[in-house]
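Chemist: This is the structure I have questions about; it appears just below.
The values are calculated or read from the model by the stated rules, or taken from the named source; none is laboratory data. As the structure is a prediction and not an experimental result, all values here were calculated from the model. FYI the Cβ positions are ideal-geometry reconstructions off the backbone, even for glycines, and counts take in every protein chain you see.
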Amino acid sequence: MFVNDVIYAELSVRYQRVEELETFLEEAGLEILPVPREALSLAGKVFTQYRRAGGSRAGVLPDFSVGAHAAIAQLPILTRDVGRFRTYFPSLILITPDA
């Protein structure tokens, strides 16, 4: 399993020191993969589609970056936001704990 740069930043708010976060990631067996530029480009394009369809601005670009990374790398994604990921990244394999 992996986390990317965006997820790393989101996790970091729970830790006082970067060393604590690094320890958590190591103990959890999570690898850090940088977001490829192809995925960043896809995230921007999908975010534009979302906005043109009337979507709000607040807090969604990071989700699109994560979704695009998973789509480009052909990796499954763990999410509770099934609707948005299925709409904008239909090829993703979703792991949905509440679905």
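Chemist: Sort out which residues of the range 58-81 are modelled with pLDDT of 90 or more and surrounded by fewer than 21 Cβ atoms within 10 Å (Cβ to Cβ), and write them in order of number.
Modeler: The answer is Ile72, Ala73, Gln74, Leu75, Pro76, Ile77.
Chemist: Considering (1) in contact (Cβ under 8 Å) with a residue 40 or more places away in the chain; (2) among the β-branched types (Val, Ile, Thr); (3) part of a loop (DSSP other than H, G, I, E, B), say which one Val6 fails and leave the rest.
Modeler: So Val6 meets the others, but not (3).
Chemist: Could we say that Leu21 is in contact with an Asp or Glu (Cβ under 9 Å, 6 or more places away or on another chain), modelled with pLDDT of 95 or more and surrounded by 11 or more Cβ atoms within 10 Å (Cβ to Cβ) here? Break it down into steps so the answer makes sense when it comes.
Modeler: Values: in contact with an Asp or Glu (Cβ under 9 Å, 6 or more places away or on another chain): no; modelled with pLDDT of 95 or more: yes; surrounded by 11 or more Cβ atoms within 10 Å (Cβ to Cβ): yes.
Criteria not met by Leu21.
Chemist: Between residues in the range 70-99 that are within 16 Å of Tyr50 (Cβ to Cβ) and residues that are loosely packed, with under 10 Cβ neighbours inside 10 Å, which pairs lie under 8 Å by C-beta distance while being six or more apart or on different chains?
Modeler: Ala71/Ser91; Val82/Ala99
Chemist: Quick check on my filter: what residues within the range 88-99 are out of contact with any Gly (no Cβ under 9 Å at 6 or more places or on another chain) and either aliphatic (A, V, I, L, M) or surrounded by 14 or more Cβ atoms within 10 Å (Cβ to Cβ) (or both)? I'd like the intermediate steps shown before the answer.
Modeler: As a first pass, look at the range 88-99 and keep what is out of contact with any Gly (no Cβ under 9 Å at 6 or more places or on another chain): 90-91, 93-99.
Passing the criteria: Ile93, Leu94, Ile95, Ala99.
Chemist: Regarding Gln74, is this residue on the phi > 0 side of the Ramachandran plot and out of contact with any Cys (no Cβ under 6 Å at 6 or more places or on another chain)? Spell out how you get there, then give the answer.
Modeler: Working: on the phi > 0 side of the Ramachandran plot: yes; out of contact with any Cys (no Cβ under 6 Å at 6 or more places or on another chain): yes.
For Gln74, the condition - on the phi > 0 side of the Ramachandran plot and out of contact with any Cys (no Cβ under 6 Å at 6 or more places or on another chain) - is met.
Chemist: With the condition being more than 14 Å from the chain's Cα centre (by Cα) and over 26 Å from Asp98 (Cβ atoms), I'd like the helices (runs of 4 or more DSSP H) fully within the range 13-86 carrying at least 1 qualifying residues.
Modeler: Values: elements: 18-28, 37-52, 61-73.
Passing ranges, in order: 18-28, 37-52.
Chemist: Specify which of the listed residues (Leu33, Leu40) is modelled with pLDDT of 90 or more, in contact with a His (Cβ under 9 Å, 6 or more places away or on another chain) and farther than 17 Å from Leu92 by Cα. I'd like the intermediate steps shown before the answer.
Modeler: Numbers: Leu40 fails: farther than 17 Å from Leu92 by Cα.
On inspection, the qualifying residue turns out to be Leu33.
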